[in-house]
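Student: Below you'll find the structure I mean.
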Amino acid sequence: GARWSDCNRVVTLGFELGGDWMQSYQRMIPEQLEAGIRVLIYAGDQDYICNWLGNQAWTKALEWTHKDEFNAVSVKNWSVANKLAGELRSANGFQFLRIFDAGHMVPRDQPAVALAMLNAFISDSL
């Protein structure tokens with residue numbers, strides 16, 4: 001039978017050979033926000049590969065029209081099924097969500113929370 005792996009080298013190689021590897025999409029975010037496209041950045045608070053503090057720092061440093069408003073807004077607790085699941089900063093379509101008790105693979109570590117996050121973002125209720 002097949003065995004699941006969170007990092008499959010064959011799949012990764014397909015992305016690498018297809019030119020979809022280590023692209024910096026961060027520079028495209030201001031244009032998307034200006035066009036009214038909502039953006040969600042999320043990070044697990046136990047992630048040592050892409051730690052949440054670094055992700056929070058670049059979201060706060062991002063140059064865009066509503067940077068000052070985004071930085072001034074209070075961080076709010078975010079709950080799933082009446083349980084504290086993270087902290088959310090949100091302003092003018094830009095959201096940064098820190099997920100508690102999750103590492104680099106948030107959906108693997110917190111599947112119900114990840115699904116709730118995705119559903120809330122898609123329905124614009126995050």
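The values are calculated or read from the model by the stated rules, or taken from the named source; none is laboratory data. None of the values given here were measured: they were computed from a predicted structure. As a convention, Cβ positions derive from the backbone with ideal geometry for all residues, glycine included, and neighbour counts pool all protein chains shown. Side chains included, ligands, DNA and RNA excluded: accessible areas come from the protein's heavy atoms. Shrake-Rupley method; radii C 1.70, N 1.55, O 1.52, S 1.80 Å.
Student: What FRET efficiency would be calculated for the residue pair Val10, Leu118, taking the C-beta separation as r and a Förster radius of 22 Å, to the nearest 0.05?
Tutor: For R0 = 22 Å, the calculated efficiency reads 0.25.
Student: In whole percent, how big is the carbon plus sulfur part of the accessible area of the range 1-98, probe 1.4 Å, protein atoms only?
Tutor: Looking at the range 1-98 in its full context, I get 52 percent from C and S.
Student: Which order do peptides 23-31, 71-79, 94-102 fall in by mean Cβ count within 10 Å, highest first?
Tutor: 94-102, 71-79, 23-31
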